[in-house]
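Every read-out reported here was derived from the displayed coordinates using simple, explicitly stated rules and does not represent laboratory data. Bear in mind that the values here come from a model prediction, so they are computed numbers and not experimental data. Don't worry about glycine lacking a Cβ; one is built from the backbone with ideal geometry, like all the others, and counts go over all protein chains shown.
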């Protein structure tokens, strides 16, 4: 597996000033930009300092369960065993986007084509009526909810997992990264790359000038309508998980569900959990 050291430092860029009574929040890089924008509102209302770090949904759940973080960010539904330990609040809805380089003329993929790309059966974009260019696969590390969603949809399994249960594997030639920003940066920087990341993040970065484009999946483009009616095939929850209903935790969650919080969420390209 290949992990580029050049982009490894991208993770966990936002860390707020530590304090003994700081509210610790960690987990999903998909939810992290939402929380970053909520923090100034929270502190302006009298909330304590906040320490924020990424690490993925798995890390967020683990940290919330152990008490290392008061809030764990998880861009997926909680598993039954996690629900037995943690409480959670769904603050929004997201979908998983398939992205290619902006200059790649391929505008859409079927599920079968996506599986062939990531399994290594298709090695050149010309096999999909694209350019004569080798396919560069960008995939996620174990512990990322985006990987779990991708595996569930495609039926492929990361070769880094301890158990494969006889399922076909994601190509070992894939570049393995962590955050959404890493995925977009690599796809935008390499003409033959394909990756998957949060729709909200993908659309936000493309609008900001990142040279990536979201392609249709089985003929459906992720949009507010197709995500809401679930005609787009990969939809997920955005959750804040917590062990204890402390005043800081519940204040922060109430802020995320309030009018300002939901406006922030929608401005970043996500669907609201409910009308504020």
If one compares the long axis through the Cα atoms of helix 145-154 with the longest principal axis of the Cα atoms of the chain, the angle in degrees, nearest 10, works out at 40 degrees
With bins of 5 Å, the percent of all Cα-Cα pairs of region 95-228 per bin from 0 is 2, 11, 22, 26, 21, 13, 4, 1, 0
If one compares the long axis through the Cα atoms of helix 57-66 with the longest principal axis of the Cα atoms of the chain, the angle in degrees, nearest 10, works out at 30 degrees
Within region 95-228, the percent of DSSP beta bridges that are antiparallel, given to the nearest 5, stands at 55 percent
With label points set 7 Å from each Cα along the Cα-to-Cβ direction at residue 251 and residue 49, the distance between them in nm comes to 1.6 nm
Length-normalised contact order of the chain, Cα under 8 Å, at least 6 apart, in percent, tallies to 28 percent
In degrees rounded to 10, the 0-90 angle between helix 247-257 Cα long axis and the longest Cα principal axis of the chain is 50 degrees
Between the modelled labels at residue 267 and residue 216 (7 Å from Cα along Cα→Cβ) the distance in nm is 3.3 nm
Using alpha carbon centers only, region 201-247 is separated from region 77-153 by a whole-angstrom value of 12 Å
To the nearest 0.05, the calculated FRET efficiency linking residue 142 and residue 83 through their beta-carbon distance, R0 being 22 Å, is 0.55
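When N counts the residues of region 74-156, how does its alpha-carbon radius of gyration compare numerically with 2.2 N^0.38 Å, as a ratio?
On the way: Rg = 16.2 Å, N = 83, 2.2 N^0.38 = 11.8 Å.
Here the answer is 1.38, to two decimals.
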Between the modelled labels at residue 223 and residue 244 (7 Å from Cα along Cα→Cβ) the distance in nm is 4.8 nm
FRET efficiency (residue 66, residue 41; Cβ distance; R0 22 Å; to 0.05) is 0.20
